[in-house]
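Engineer: Structure incoming, see below.
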Amino acid sequence: MRPRLPEAEPKPFFQVPIPGEEPVQGGVVTHDQFRELTGQIELAITVQSEYLFVGSGQYEFDPSAGSGCPDVWYTFYRRNGQICIPGTSIKGAIRAIVESISNSCVSQRRGQERSQIDSAPQPCKYKKDEKSLLCPACRLFGTTGFRGRVYFSDSEPDGNIQMKIVKIGELWEPKRHENARRFYEAKIFQPITNQQPEKNFRFVEAVPKESKFRVSLQFENLSKAELGLVCHALGWDVKKDKRESAFTPKLGGAKPRCFGAVKFKPIQLRLWQENILASGLKPLILQEEEMSRFLVECLQECQRSNLLHSKSWNMLMQKLKAQNEPCPRGIY
Ligand SMILES: [Zn+2]
């Protein structure tokens, strides 16, 4: 049984209602044509919350730990011995935002939960050799039988990162019953001063605030509006014809402890042209002002299209902004 405390702290998550209207479906874009936008955006990631934790599913322990010290802790994900945020983890987080702001199907719920939400849009079904209609998120990120057109590379640290073992209250999955998608807020982590191992607490190996990573977002055959939708999900908006960071998406685990808020910043954009092989052209490389102008065009194109569900977008953007409020320490 999940314990309940009478003085429970305010919950650090919110719900974005699933719109009543059906997702706007469209035909799939096949991979055998080379058209519209194909390329990649190099992105800098900066941790904005107190910590980021991407679990490896494993733990480590210190047999000589004295009392008042971490004894067992969950380790951060590593590839070839180096800490790393797997591309699939970034893609999952960005897809969840895209699904929400584009009124797409609900892909990431398990069967039992789904059956409780009768009115939630059913996941798209891709049928090979037929004219399949898919929602915006499935068209971009794929679904069973259909490979997506947006990927993230594994994300490597940019500079030296000092890992820290952090004590957090045990994580409880809130029940889902509303017809809504749940996201965690960006509140302020409350450290636990005593480092004593104790019941209902755990230790995690985390990356501290301001740590930096690099990642490459790769895309194939996207329209400008579709690339703009992905850019919106990275937390970007347009104000007075300039790109601005509107909120911080969340990566990794311990989100109920307000971990994982990150800022994405574009560094360089490469676009491949159709006849690159025939003509020997180099990819078009955009940076700084040129890149910003192009990304603003994509964001604006998305806002003009039917891809962005503006009510959901506005709600998500407001609620995901950093809040100067404490994140709960204990059970809620
Ligand atoms: Zn779908």
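The values are calculated or read from the model by the stated rules, or taken from the named source; none is laboratory data. Predicted, not measured: the structure shown is a model, and the values here were computed from it. Using ideal geometry, Cβ is built from the backbone for each residue, glycine included, and neighbour counts are taken over all protein chains shown.
Engineer: Can you pull out the residues in the range 132-155 that are of a type in the set (Lys, Arg), more than 9 Å from the ligand (Cβ to nearest atom) and touching a strand residue (DSSP E or B) at 6+ places or on another chain (Cβ under 7 Å)?
Structural biologist: Once the filter is applied, which keeps residues that are of a type in the set (Lys, Arg), more than 9 Å from the ligand (Cβ to nearest atom) and touching a strand residue (DSSP E or B) at 6+ places or on another chain (Cβ under 7 Å), the range 132-155 yields only Arg149.
Engineer: Would you be able to tell me the number of residues in the range 116-132 that are among the acidic types (Asp, Glu) and either outside any loop (DSSP other than H, G, I, E, B) or modelled with pLDDT of 60 or more (or both)?
Structural biologist: Let us first name the residues in the range 116-132 that are among the acidic types (Asp, Glu), namely 118, 129-130.
Narrowing further to those that are either outside any loop (DSSP other than H, G, I, E, B) or modelled with pLDDT of 60 or more (or both): 129-130.
Within the range 116-132, residues that are among the acidic types (Asp, Glu) and either outside any loop (DSSP other than H, G, I, E, B) or modelled with pLDDT of 60 or more (or both) number 2.
Engineer: Can you find a residue that is in contact (Cβ under 8 Å) with a residue 24 or more places away in the chain and within 24 Å of Lys167 (Cβ to Cβ) anywhere in the range 105-113?
Structural biologist: Scanning the range 105-113 turns up no residue that is in contact (Cβ under 8 Å) with a residue 24 or more places away in the chain and within 24 Å of Lys167 (Cβ to Cβ).
Engineer: Give me the strands (runs of 3 or more DSSP E) completely within the range 1-95, filtered to those with at least 3 residues that are of a type outside the set (D, E, K, R) and modelled with pLDDT of 95 or more, ordered by residue number.
Structural biologist: 37-47, 72-76
Engineer: Tell me, please, whether a residue that is of a type in the set (Lys, Arg), assigned to a strand (DSSP E or B) and surrounded by 18 or more Cβ atoms within 10 Å (Cβ to Cβ) can be found in the range 213-229.
Structural biologist: no
Engineer: Please go through the range 236-256 and give me each residue that is more than 20 Å from Ile101 (Cα to Cα) and assigned to a loop (DSSP other than H, G, I, E, B), ordered by number.
Structural biologist: Lys240, Asp241, Gly252, Gly253, Ala254 - these are the residues of the range 236-256 that are more than 20 Å from Ile101 (Cα to Cα) and assigned to a loop (DSSP other than H, G, I, E, B).
Engineer: Residues to consider are Glu178, Glu185; find the one that is under 15 Å from the mean Cα position of the chain (by Cα) and modelled with pLDDT under 95.
Structural biologist: Of Glu178, Glu185, the one residue that is under 15 Å from the mean Cα position of the chain (by Cα) and modelled with pLDDT under 95 is Glu185.
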